[in-house]
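Just below is one structure, and these are the notes that go with it.
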Amino acid sequence: MMNKQQYKEYLKTKEPKTNIVKNCILAFIVGGLICDVGQLAFNIYKGLGMSKDSVSTLTSITMIFIGALLTGLNVYDVIGKYGGAGSIVPITGFANSIVSPAMEFKKEGYIFGVGAKMFLIAGPVLVYGISTSVVVGIIYFILH
Amino acid sequence: MEQNNKRIGRHTVCLKKQPSIMGWYSTVGPKEGQGPLGNTFSEVIDDVLYEEQTWEKAESKLFKNSIDKLLINSKLSTDDIGYICGGDLLNQITSSCYAVSGFNIPFLGLFGACSTMAESLSVAGMLVDAGFSQYAIAATSSHFCSAEKQFRGPLELGSQRPPTSQWTVTGSGATLLAATAPQQFPKITHVTTGEILDYGINDAMNMGEAMAPAATATIAAHLKETGRPPAYYDLIITGDLGTLGSDIVRDLMKDEGYKLGENYTDCGAIIFDAQTQGTDCGGSGCACSASVLNGYILDRMMKKELNRVLFISTGALMSPLSIQQGQNILGIAHAVAIENIK
């Protein structure tokens with residue numbers, strides 16, 4: 001039989017290629033549509049005459065709620081199947097990444113299941129996102 | 001000594017007493033029931049939770065159900081059974097342990113990942129052939145939801161599956177072996193036990209690639225050591241290499257000097273319809289080979305549509321931790337020759 005190196009070379013000829021063009025187009029469409037919903041929410045809140053900060057916050061809250069709701073209704077994973085990064089990257093994807101483990105690990109109880117494992121997927125985003133903003137903040141403080 | 005005659009090669013032993021496969025039962029989930037082999041399984045359940053609180057309990061119930069029905073159909077009592085040999089994919093093979101715990105039958109828990117069906121048949125076959133028990137049961141289970149939870153991610157997570165991914169079969173299979181049987185049944189004639197092979201694959205979403213070299217090594221060892229050509233068998237069937245993995249095995253076997261013809265296929269490649277069921281490269285899991293064996297294959301053997309079958313279950317040995325630590329995925333495959341002996 002061929003050795004490991006030969007096998008790796010051989011596999012390059014066999015692996016089915018993901019349709020990158022199709023995936024990018026779908027991600028663009030799905031991601032774009034999600035952002036359109038966000039923009040709609042933004043426009044509605046702005047139209048109600050709220051302050052700039054309130055409008056932004058309420059838009060985020062609305063999008064998170066939609067992501068969570070669709071996850072709970074068993075719909076978000078279907079969107080993700082086709083949307084790929086288009087549904088993972090927006091804030092709705094972040095909501096999905098927290099609600100889905102919360103649902104899954106409910107069977108292990110509220111403390112060791114839901115409580116401990118809720119951030120299984122989103123954890124790295126929180127850790128590195130918050131850490132990066134702290135670092136950026138320190139740099140900003142030093143420079144100014 | 002008699003024992004020396006049984007070993008015919010480094011990996012293959014001949015079961016001289018030729019244990020009969022006296023009974024078989026397969027229980028599968030709804031998706032499997034809707035697939036191309038839907039009407040070949042003994043039983044199709046209509047909900048993956050199987051009226052249980054957790055996926056793990058549902059899987060255990062699937063395992064238990066196949067053994068229960070096997071015993072009822074064979075009209076044997078639990079006292080008659082010398083051993084249950086079995087395992088599954090879950091941590092500490094809990095599905096098997098909880099399923100077997102009510103039976104009061106001595107239990108040999110095995111871990112071979114998706115190679116468990118052939119591994120259990122091998123051990124049970126050798127125990128019966130050696131005269132340690134008149135009857136033994138080989139069984140295994142897997143469940144899509146419990147496997148996703150343990151190895152991949154929460155079910156509702158909106159991530160995309162690559163085209164090389166496979167779908168863990170929800171189901172179980174149980175086989176009853178007997179030293180002697182009241183009528184003609186398919187018999188286990190040879191067992192070829194595989195070695196672990198590391199071919200440098202570390203993509204957990206491409207199991208077919210990881211297991212193909214091991215499957216090739218075991219099939220080639222079996223054919224070399226028995227002196228049989230591939231054409232000897234009406235069917236050579238691997239467990240869960242899927243469409244990509246089985247294609248790779250055809251190529252690798254050519255390098256070994258064997259051309260696999262139309263008589264070669266893979267349980268994972270035939271259990272689902274990838275076009276309509278969204279299963280990419282096909283089925284996987286212990287229950288993939290187990291459910292196809294304990295229905296489609298053995299039923300056809302009883303009807304004499306198949307008389308010589310080489311059944312190979314293939315396993316990818318790893319854990320979520322070993323993957324995160326950057327370890328390669330190891331492959332293993334075990335083969336069992338099942339024949340209608342006149």
Task: Full-extension gain in nm, B:Asp234 to B:Asp299, via 0.36 nm per residue minus C-alpha separation - done: 22.0 nm
Task: Relative packing of A:68-81, A:34-47, which averages over residues the other C-beta atoms within 10 Å, highest first - done: A:68-81, A:34-47
Task: From phi via Karplus (6.51, -1.76, 1.60), per-residue ³J(HN,Hα) for the range B:238-249 in Hz, x at Gly/Pro - done: 8, x, 8, 6, x, 5, 5, x, 5, 5, 4, 4
- [ ] Between B:Ser77 and B:Asp273, take the C-beta separation as r, use R0 = 41 Å, and let me know the FRET efficiency to the nearest 0.05.
- [x] 0.55
Task: Efficiency of FRET from Cβ geometry, A:Ala116 and A:Leu48, R₀ 35 Å, rounded to 0.05 - done: 0.35
TODO: Tabulate in residue order the Karplus-calculated ³J(HN,Hα) for the range B:137-153, using 6.51 cos²θ - 1.76 cosθ + 1.60 with θ = phi - 60°, rounded to whole Hz; enter x for Gly and Pro.
DONE: 10, 10, 8, 7, 8, 7, 8, 3, 5, 6, 6, 4, 4, 7, 9, 10, x
Task: Helix-only CD estimate at 222 nm, as mean residue ellipticity for chain B, using -39500 (n - 2.57) per DSSP H run (n ≥ 4) - done: -10000 deg cm²/dmol
TODO: Calculate the spin-label point distance for A:Met2 paired with B:Ser101, positioning each point 7 Å from the Cα along the beta-carbon direction, and give it in nanometres.
DONE: 4.8
Open item on the list: If I model a spin label at B:Arg10 and B:Asp198 as a point 7 Å from the Cα along the Cα→Cβ vector, what separation in nanometres do I get?
Closed with: 1.8
Task: Helix-only mean residue ellipticity at 222 nm for chain A, each DSSP H run of n ≥ 4 adding -39500 (n - 2.57), per residue, nearest 500 - done: -24500 deg cm²/dmol
Open item on the list: Taking each residue in B:144-157, count the Cβ atoms of any other chain within 10 Å of its Cβ, then average. What number comes out?
Closed with: 5
Open item on the list: Antiparallel versus total DSSP beta bridges in chain B: what percent is that, nearest 5?
Closed with: 65
Task: Partners for B:Lys69 among lysines (Cα-Cα distance below 17 Å; same-chain residues under 8 apart left out) - done: B:Lys61
Task: R0 of 45 Å, Cβ-Cβ distance B:Gln134-B:Ser322: FRET efficiency to nearest 0.05 - done: 0.65
TODO: Output the peptides B:98-104, A:50-56, B:20-26, B:283-289 sorted from most to least packed, where packing is the average of other Cβ atoms within 10 Å over each peptide's residues.
DONE: B:283-289, B:20-26, B:98-104, A:50-56
Open item on the list: Need one number: % antiparallel among DSSP beta bridges in the protein assembly as shown, to the nearest 5.
Closed with: 65
Task: Test item: B:211-222 mean partner chain Cβ contacts at 10 Å - done: 1
TODO: Report, as an integer, the average count of C-beta atoms from other chains found within 10 Å of each Cβ along A:4-13.
DONE: 4
Open item on the list: I need the peptides B:209-222, B:318-331 ranked by packing, meaning the mean over residues of other C-beta atoms within 10 angstrom, with the highest value on top.
Closed with: B:209-222, B:318-331
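Computed from the coordinates by the stated procedures, all read-outs in this text should not be read as laboratory data. The structure displayed is predicted, hence computed values, not measured ones. Glycine gets a Cβ as well: all are built from the backbone with ideal geometry, and neighbour counts include every protein chain shown.
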